[in-house]
1. List the lysines whose alpha-carbon lies under 19 Å from that of Lys379, not counting same-chain residues fewer than 8 positions away?
2. Using just the alpha carbons, could you tell me how many Å³ per residue the convex hull of the range 115-164 encloses?
3. For the range 82-88, just list the computed ³J(HN,Hα) in residue order, Karplus coefficients 6.51, -1.76 and 1.60, θ = phi - 60°, integers in Hz, with x standing in for Gly and Pro.
4. Could you give the length gained on full extension between Ala179 and Glu5, defined as 0.36 nm per residue of separation minus the Cα-Cα distance, in nm?
5. Checking a compactness column here: for the range 265-405, what do you get for Rg(Cα) / (2.2 N^0.38 Å), N being the number of residues?
6. Given H placed 1.01 Å from N in the peptide plane, which residues other than close sequence neighbours of Ile328 have an amide H under 5 Å from its amide H?
Amino acid sequence: LILNEESSTYNVDINLYSPKGILLSSTKPYLTDRQILGEQMNPKAFVELTQEKSSQLLIQEELEGSDYLSAYIPLFDGKNTILGYVNTPFFAKNEELNKQISNLVVNILNIYFLLLLGGVFLAYIISRQISKPLLLIREKIAKTELRGSNELIVYNRDDEIGLLVKQYNKMVMELEESANQMAETEREGAWREMAKQVAHEIKNPLTPMKLSMQHLQRAYTNGPSEKLDTLFAKTSKLIIEQIESLSNMASEFSNFAQMPEDKFEEFNISNILLGTTDLFKQSENADIKAKVAPNVYVHADPEQLRRVFNNLIKNSIQAIPEERSGKIEIELKALKSTVRITIKDNGKGIPEENYKKVFVPNFSTKNSGMGLGLAICRKIVETAKGTVSFTSELNQGTTFIVMLPRSEKS
């Protein structure tokens, strides 16, 4: 009766064995009636409790091919005499235990997964908060230009990134100040160079003019003579030539300093080049040959391009030594989307060390002029969205190449 009450209270099966391991009572008597459960206590458990004096024992047993856990504890009286053994088999507890363990593991894994997912999301948010200003700084640094207008970064947080932004903004302001100072220095240097060049070029014709006037003054002091008339005519001619040189020099400098406003229009560049070529054929002794494709149109300033052709052809003629028979070959070719104009001479060529200086203002290989002609040519061609370049071979000649966008009309 007591066993049944305890069994109901704790929802377990209970077997009671004698001190000799004989089954005395069971809450599941049908197991013994059907000889499913033996009358004898598990020998292993009996030996463990009697000989090893274990106070409790939990072992695995088998019943009709199914494993289950079985708990044993000894019963003692007040004199510590053993009265018997209580056995509680946990039928089907393994399955339940495994199921509970599985559920627990699944729950733990779910919790860990949720924590991991939350951690990844939190890390993403934090990384975004950190990386966003860093990406902005990288973008601004990539766009930083020495002579451009660089924007400052607005960042109001007082952290490590804020310090980095402050340093970047400081660098941008210092860079802008340095660029302004550099530009001012370059402007001043350019004007100083230009002033020195102008002074030098002016001094060149003034020196022979001064000497000629002194010579004429001495001759005049000696009184009228036939020699004085000849000297006066010679000196006058020299002075007029030098004045003309000064006038040309002033015009060249003025043209470079202030280019006229461009008047772009669509026009037949073939006619412009042929007209310029014919003009030089009539006035120059060089053999000038032209191969010009007819009716080729471009969109540019026709007068400015006429000026370019004048300058390039004139330079080609002046590059030919006096002892050499001059040959100038001019060609205009219409390509798919561009127009190519080449002006080739058989002059003395350009030394390789001067290649980079050809289009630089103030550079000239001639004894006269300020070296502004080719610089003006490049400025005009580039304004028309074209390019001007050259190839040269020393003592063989130079070829200038002008490329311009071809108009749809042609």
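Read-outs throughout are calculated quantities, based only on the coordinates presented, and are distinct from any laboratory measurement. Predicted model, so just to flag it, every value in this text is computed and none were measured.
1. Qualifying lysines at Cα under 19 Å: Lys263, Lys314, Lys356, Lys357.
2. Looking at the range 115-164, the number lands at 80 Å³ per residue.
3. Here the 3J(HN,Hα) series is 6, 9, x, 9, 9, 10, 10 Hz.
4. Contour length minus Cα-Cα distance gives 52.7 nm.
5. The range 265-405 yields a ratio of 1.00.
6. Under 5 Å from the amide H of Ile328: Asp287, Ile288, Lys289.
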